[in-house]
Amino acid sequence: RTSVTSRYEMFYRSTTGQEEAALAVATAREADAALHPLQDTTLGSLTMYVVLETSSLLPQGINVYVGKHRSALVRAGGSLAALQARLREVTQLMSFTATSMAAALSDRVPDAQPSPDARRYLKSSLGYEITFSLLNPDPKSHTVDWDIEGAVNRYVKPVLDKLSLVANFSVDSQILYYAVLGVTPRYDKESSSFLLSAHSLPHVINPVEARLGSSAASLYPVLNFLLYVPERSHSPLYIQDKDGAPVSTNAFHSPRWGGIMVYNVEAPASPQASLPLHVDVDMARVMEVFLAQLRLLFGLSREEVPPEFLLESPGNEGLADWELDHLLWAHTVENIATVSTTLTSLAQLLDKIGNIVIKDDVASEVYRAVASVQSAVTELSLGHLHVAFQASKEAVTSSEKAFFDPSLLHLLYFPDDQKFAIYIPLFLPMAVPILLSLAKIVRETRQRKKEPTKMD
């Protein structure tokens, strides 16, 4: 049973006086901001306002405006059936889709054929670690200064505050000197620059990752965002796409790993300029690329929408409220699938090892995981998204505790042949005299029975 059924509860009502006043503004963006305090802020809920066909609130040629909260403005037009179809289209855009559910279950459905983007998304976890690294392979030529703390507080923190409902996040940074990409770029005479082709990009990750050292002691998945300042002998350095065209951002990302951005330094005006050159990194340009890659890794890339749809930019928060609901739906379903897989594997393990001992604390974790996952499924079917997600996280925690309990783990490496190998040398010297004595007693008993009984 791998399909996910979507069911919507729809309620229709007239707008209130406050909503009428909020819809009387000049632009759709102002209306979205004015309507936000008046809406139902429940996770997973949507509010769609149907405006007149002649309304100037929506730009010309735009029939649907999707705000950055949990509301949309829909232009009335045509028949009631056409309006209902348009509302259904908006609902499917702003709530979970079959594509997002297929991506969440892609690793657990063996016969599924997910889209290529499905392998890009990070899998559900209780926490993530984000590491920003500055790679300076030529410190003799460049002294690089980056205000990473200020950039994290200004650009990354609002996004992570919004994502705190999904998981816990920790952020750290580091500067690595003499760290090279491991791939020699190709020199292009026409542009007097060095080029990295698309087919050479996969070979960049492993040599760099060996220097990072961030994932060695991490309990959670690590997202690596690398800013690479090329050495003077390979500068300027540009990344090409599959068609040979230069990438506008001069960056690329690796699925479920992170991203790398090449930051070129302008050549000094005079060749006699003193070295090292001082470089101040433009953190606004860098963080714009890294946050876009972070959205891609979490599966928040904007899908292709009809030309009559207008989607509002989420701004500094990095993601809209309805996109956060997207993420919670996908992670809840994935957590439920993870618990099901873990408990099934545990049951199969117990069937294979007949003499295994289940302690009371392990059994209680299994019962707690089953109860939590049943609660998550029930709450999800009722539309209580936040409660369902919390229950699914508790189920994952309990199932992992039960599966990796030390009392179960050591029995995996103690099969029957090892028992004989250990206990025979220990008990055989003790058993030999006992067995010989028993054999002697049996012989004496048999001889006594064979002797004729003397009668007086």
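Worth a mention:
- Identity of the residue in the range 224-247, part of a strand (DSSP E or B) and closer than 19 Å to TRP146 by Cα, that ends up farthest from the chain's Cα centre (by Cα): TYR228
- The criterion of being modelled with pLDDT of 90 or more and either open to solvent by 40 Å² or more (accessible area, probe 1.4 Å) or over 24 Å from LYS162 (Cα atoms) (or both) does not hold for ARG295.
- Positions within the range 301-321 being open to solvent by 10 Å² or more (accessible area, probe 1.4 Å) and within 19 Å of the chain's Cα centre (by Cα), in sequence order: SER301, ARG302, GLU303, GLU317, GLY318, ASP321
- Selection count, the range 369-379, where residues are within 21 Å of SER6 (Cα to Cα) and in contact with a Ser or Thr (Cβ under 6 Å, 6 or more places away or on another chain): 1
- Sub-6 Å Cβ pairs linking a first residue in the range 336-354 that is within 17 Å of TYR367 (Cβ to Cβ) and open to solvent by less than 50 Å² (accessible area, probe 1.4 Å) to a second residue that is aromatic (Phe, Trp, Tyr) and in a helix (DSSP H, G or I), at least 6 apart or interchain, are THR342/PHE403; LEU346/PHE403, ordered by first then second residue.
- Checking each residue in the range 68-88 for being in a helix (DSSP H, G or I) and exposed (fewer than 15 other Cβ atoms within 10 Å of the Cβ) picks out LEU80, ALA81, ALA82, GLN84, ALA85, ARG88.
- Subset of the range 16-35 (residues that are assigned to a helix (DSSP H, G or I) and under 20 Å from ARG75 (Cβ atoms)): GLU19, GLU20, ALA21, ALA22, ALA28, ARG29, GLU30, ALA31, ASP32, ALA33, ALA34, LEU35
- In the set GLU304, GLU379, GLU323, only one residue is of a type in the set (D, E, K, R), in contact with a helix residue (DSSP H, G or I) (Cβ under 6 Å, 6 or more places away or on another chain) and free of Cβ contacts under 8 Å to residues at least 24 places away in the same chain; that residue is GLU379.
- Taking the range 355-371 as the range and being farther than 30 Å from ASP325 by Cβ and open to solvent by 50 Å² or more (accessible area, probe 1.4 Å) as the test, the residues that pass are ASN355, VAL357, ILE358, LYS359, ASP360, ASP361, TYR367.
- Restricting the range 120-136 to residues that are within 15 Å of SER218 (Cβ to Cβ) and charged (D, E, K, R), the residue that is modelled with the highest pLDDT: GLU129
- If you go through the range 40-73 and pick out every residue that is small (Gly, Ala, Ser) and in contact with a helix residue (DSSP H, G or I) (Cβ under 6 Å, 6 or more places away or on another chain), you end up with 4.
- Filtered by the rule that a residue be open to solvent by 60 Å² or more (accessible area, probe 1.4 Å) and either touching a Cys at 6+ places or on another chain (Cβ under 9 Å) or part of a helix (DSSP H, G or I) (or both), the range 165-217 gives HIS199, PRO202, HIS203, ASN206, GLU209, ALA210, ARG211.
- Residue in the range 30-39 that is open to solvent by 20 Å² or more (accessible area, probe 1.4 Å), more than 15 Å from ALA320 (Cβ to Cβ), in contact (Cβ under 8 Å) with a residue 12 or more places away in the chain and out of contact with any helix residue (DSSP H, G or I) (no Cβ under 6 Å at 6 or more places or on another chain) present: no
- Selection count where residues are modelled with pLDDT under 90 and more than 17 Å from HIS326 (Cβ to Cβ), scope the range 372-390: 2
- Yes/no for HIS234 being in contact (Cβ under 8 Å) with a residue 24 or more places away in the chain, open to solvent by less than 40 Å² (accessible area, probe 1.4 Å) and in contact with a Phe, Trp or Tyr (Cβ under 7 Å, 6 or more places away or on another chain): no
- Filter pass, VAL229 being at pLDDT below 85 and crowded, with 18+ Cβ neighbours inside 10 Å: no
- Considering the conditions (1) without any contact (Cβ under 8 Å) to a residue 60 or more places away in the chain; (2) open to solvent by 70 Å² or more (accessible area, probe 1.4 Å); (3) under 30 Å from SER235 (Cβ atoms); (4) not in a loop (DSSP other than H, G, I, E, B), GLU266 is excluded by exactly one of them, (4).
- Within the range 387-401, considering residues that are free of Cβ contacts under 8 Å to residues at least 60 places away in the same chain and of a type outside the set (S, T, N, Q), the one farthest from SER125 (Cα to Cα): VAL387
- Criterion violated by MET261 - all others in (1) in a strand (DSSP E or B); (2) touching a Ser or Thr at 6+ places or on another chain (Cβ under 6 Å); (3) without any contact (Cβ under 8 Å) to a residue 60 or more places away in the chain satisfied: (2)
- Matching helices (runs of 4 or more DSSP H) fully within the range 308-413 where at least 3 residues are closer than 23 Å to GLN92 by Cβ: 321-352, 360-382, 385-403
- Residues that are open to solvent by 30 Å² or more (accessible area, probe 1.4 Å) and outside any helix (DSSP H, G or I), drawn from the range 140-163: LYS140, THR143, ASP145, ASP147
The values are calculated or read from the model by the stated rules, or taken from the named source; none is laboratory data. For clarity, every value in this text was computed on a predicted model and none was experimentally measured. Here the Cβ is made from the backbone with ideal geometry for all residues, glycine too, and neighbour counts use every protein chain on show. Please note that ligands, DNA and RNA were not included when accessible areas were found on the heavy atoms of the full protein model with its side chains. Shrake-Rupley method; radii C 1.70, N 1.55, O 1.52, S 1.80 Å.
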